[in-house]
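Structure, as structure tokens:
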Amino acid sequence: MRTIYTAGIDIGSSSAKAVILRDKEMVAWHVQQTGPDSMESARSIFDVVLSESGLSAGSIGHIIATGYGRINVPFADGHVTEISCHAKGANFVLPSVRCILDIGGQDSKAIRCDGKGRVTNFAMNDKCAAGTGRHLDRVATALKTPVEKVGPLSMNIVEQAAKINSTCTVFAQVDVIRLVRKGVHLNDILAGTCDAIASRIVELVDRIGLEADFMMTGGVAKNIGVVNRLEEKLGVKPHIPEEPQIIGALGAAILALEKALE
Ligand code: ADP
């Protein structure tokens, strides 16, 4: 059987992700910040994975775009929602997965899927930044802390986790300013922030019901402070893939492979 190369391009609100598959083997992947121009972000990340894999654009048999900027990928052969792509990608990594929590920059989604990675139900929070990566990024910037350090610092509580509003990002930011003025330790403010995000996410998961195996995807799955608190609140250990941020792009590449084989 001949070798088929496919690609998945995920243009998210905060980062662009791309994956190239040779049949079912991942030969290149990359994550970079989304620029102001989605089309330019798509071209640039595609160039990176092509160069990493040593392939030319012409050798890619089928390309699927996903993410909020998916319609701005002119070289894609089709586009599919992130919900379907995360379910497909999660199923590829762990076929026994039945529930996926994708926490990205702009929204969070709880997804249920069957044994083939097909979506059976989902709930989404895209109305408010509370419970998303954007909120964590804002707090990190306000506290002059790199977002990668928020999780580890939040696990190192000095006195106690600060109380922070979990229902509204504006109120939460007011809380953060008030706590800084009161001299509350950075780690305790970050602990309260991660706890508030986790509480918000639990409400989302409850809307579809949690079933193991349970996987977390999206950039916030790299935040140990949110992941550990979610595990505590839900009482179920989530599976965290090696690179949770590329699961949507991986799912898009798998869907591209299925199309190419039709
Ligand atoms: P989108 O698909 O909407 O662009 P992502 O799934 O890429 O979103 O997730 C982006 C979010 O992930 C950021 O807002 C940030 O909070 C978080 N994030 C990204 N990288 C890291 C990291 N190394 N450690 C902790 N959090 C991270």
- Restricting the search to the stretch 88-108, which residues are crowded, with 20+ Cβ neighbours inside 10 Å and within 15 Å of the ligand (Cβ to nearest atom)? 89, 90, 100, 101, 102, 103, 104, 105, 107, 108
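Residue-wise test of (1) farther than 17 Å from residue 238 by Cβ; (2) at pLDDT below 95; (3) among the small types (Gly, Ala, Ser).
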{"residue": "95", "(1), (2), (3)": "no, no, no"}
{"residue": "103", "(1), (2), (3)": "no, no, no"}
{"residue": "107", "(1), (2), (3)": "yes, yes, no"}
{"residue": "118", "(1), (2), (3)": "yes, no, no"}
{"residue": "121", "(1), (2), (3)": "yes, no, no"}
{"residue": "138", "(1), (2), (3)": "yes, yes, no"}
{"residue": "145", "(1), (2), (3)": "yes, no, no"}
{"residue": "155", "(1), (2), (3)": "no, no, no"}
- If we ask which residues in the stretch 211-236 are touching a helix residue (DSSP H, G or I) at 6+ places or on another chain (Cβ under 6 Å) and more than 24 Å from residue 14 (Cβ to Cβ), their number turns out to be 1
- How many residues does the stretch 207-230 contain that are in a helix (DSSP H, G or I), within 16 Å of the ligand (Cβ to nearest atom) and not hydrophobic (A, V, I, L, M, F, W, C)? 5
- Considering 42, 16, which residue is crowded, with 24+ Cβ neighbours inside 10 Å, assigned to a helix (DSSP H, G or I) and within 14 Å of the ligand (Cβ to nearest atom)? 42
- Of (1) touching a helix residue (DSSP H, G or I) at 6+ places or on another chain (Cβ under 7 Å); (2) over 16 Å from residue 250 (Cβ atoms), residue 104 satisfies all except one. Which? (2)
- Message: Can you tell me which residue is nearest to the ligand (Cβ to nearest atom) among those in the stretch 231-249 that are outside any loop (DSSP other than H, G, I, E, B) and closer than 28 Å to residue 25 by Cβ?
- Response: 245
- Note on the structure: Log entry, pairs with first residue in the stretch 109-122 being more than 21 Å from residue 198 (Cα to Cα), second being among the aromatic types (Phe, Trp, Tyr) and buried (at least 20 other Cβ atoms within 10 Å of the Cβ), beta carbons closer than 7 Å, six or more apart or on different chains, reads 117/92
- Restrict the check to the stretch 174-192 and report whether at least one residue is within 20 Å of residue 82 (Cβ to Cβ) and in a helix (DSSP H, G or I). no
- Message: Out of 141, 120, 167, I need the residue that is polar (S, T, N, Q) and within 16 Å of the ligand (Cβ to nearest atom). Which one?
- Response: 141
- Tally of residues being out of contact with any strand residue (DSSP E or B) (no Cβ under 9 Å at 6 or more places or on another chain) and touching a residue at least 12 places away in the same chain (Cβ under 8 Å) across the stretch 166-210: 27
- Which one of these does residue 71 not meet: (1) of a type in the set (A, V, I, L, M, F, W, C); (2) surrounded by fewer than 21 Cβ atoms within 10 Å (Cβ to Cβ); (3) in a strand (DSSP E or B); (4) within 16 Å of the ligand (Cβ to nearest atom)? (3)
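The values are calculated or read from the model by the stated rules, or taken from the named source; none is laboratory data. Only a predicted model underlies this, so the values are computations on that prediction, with no experimental measurement involved. In this analysis, Cβ positions are derived from the backbone assuming ideal geometry, glycine residues included, and neighbour counts consider all displayed protein chains.
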